[in-house]
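Since the structure comes first, as structure tokens, the remarks are kept for the end.
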Amino acid sequence: MSETSSAFSAEDFDYDFWKDAEKRAGWDDLEPGEVVESRPVTITADIIQRYARSIGDMNPLYFDEEYAKTTRFGGLISPPSIHALFLFACTTHDHFMRTPGTVNMGQNWWIQHPVRPGDTITLTARCLDKVIRKGNTFAIHDNVFRNQHDTVVCSGRGWTMRPY
């Protein structure tokens with residue numbers, strides 16, 4: 001896996017997820033087993049709170065540091081579903097998960113540890129298999145997100161319908 005040497009933060013975060021869409025990996029580019037390029041992302045309270053607001057989850061664990069310190073988490077954390085944002089934040093614009101026309105057909109996620117402001121998240125992602133059924137193309141893939149301590153914070157497997 002190749003990684004950019006330094007992480008980026010909210011100021012560098014590119015919210016245009018369809019930028020350079022024509023450069024995305026297509027069906028023929030998917031190589032089962034190959035680990036695809038990733039980049040580290042440093043998570044800020046701003047990123048967590050923007051995400052929480054976007055999904056309508058106003059839990060004080062994401063917004064109120066004083067309250068969060070009184071809980072078993074001992075401080076601010078992110079919503080568990082923030083890994084969906086990481087799929088885009090940690091991948092380069094040519095990553096196969098960003099290909100226009102890709103449809104999420106299902107996924108399973110396992111959250112092992114909360115993500116906090118200041119964590120730097122990296123992604124190990126790979127296409128596990130390519131399948132053609134009834135003329136439709138699918139990719140089975142897995143993703144593992146780690147923090148700066150190399151601790152797995154989230155892992156999962158998904159199934160996407162791919163444009164041909």
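The values are calculated or read from the model by the stated rules, or taken from the named source; none is laboratory data. As the structure is a prediction and not an experimental result, all values here were calculated from the model. FYI the Cβ positions are ideal-geometry reconstructions off the backbone, even for glycines, and counts take in every protein chain you see.
General remarks:
- Filter result (within 16 Å of Thr120 (Cβ to Cβ), of a type outside the set (A, V, I, L, M) and surrounded by 14 or more Cβ atoms within 10 Å (Cβ to Cβ)) within the stretch 35-50: Ser38, Arg39, Pro40, Thr42, Thr44
- Taking (1) out of contact with any Lys or Arg (no Cβ under 9 Å at 6 or more places or on another chain); (2) touching a residue at least 60 places away in the same chain (Cβ under 8 Å); (3) within 23 Å of Gly158 (Cβ to Cβ); (4) surrounded by fewer than 20 Cβ atoms within 10 Å (Cβ to Cβ) in turn, Ala84 satisfies each apart from (2).
- Residue-level analysis places Ala10 outside the set of residues that are of a type in the set (A, V, I, L, M), in a loop (DSSP other than H, G, I, E, B), under 21 Å from Asp142 (Cβ atoms) and at pLDDT below 80.
- Restricting attention to the stretch 152-164 and to residues that are within 17 Å of Pro32 (Cα to Cα) and hydroxyl-bearing (Ser, Thr, Tyr), the residue that is surrounded by the fewest Cβ atoms within 10 Å (Cβ to Cβ) turns out to be Tyr164.
- Residue match in the stretch 91-103 (condition: free of Cβ contacts under 8 Å to residues at least 40 places away in the same chain and buried (at least 20 other Cβ atoms within 10 Å of the Cβ)): no
- If you go through the stretch 132-151 and keep only what is farther than 18 Å from Glu37 by Cα, of a type in the set (Val, Ile, Thr) and part of a strand (DSSP E or B), you end up with Ile132, Thr137.
- Within the stretch 56-69, being surrounded by fewer than 18 Cβ atoms within 10 Å (Cβ to Cβ), not in a loop (DSSP other than H, G, I, E, B) and not charged (D, E, K, R) holds for Pro60, Phe63, Tyr67.
- Any hit, the stretch 56-67, residues being of a type in the set (S, T, N, Q) and under 14 Å from Thr160 (Cβ atoms): no
- In the set Arg53, Arg72, Arg116, Arg126, only one residue is buried (at least 16 other Cβ atoms within 10 Å of the Cβ), out of contact with any strand residue (DSSP E or B) (no Cβ under 6 Å at 6 or more places or on another chain) and either assigned to a loop (DSSP other than H, G, I, E, B) or not β-branched (Val, Ile, Thr) (or both); that residue is Arg116.
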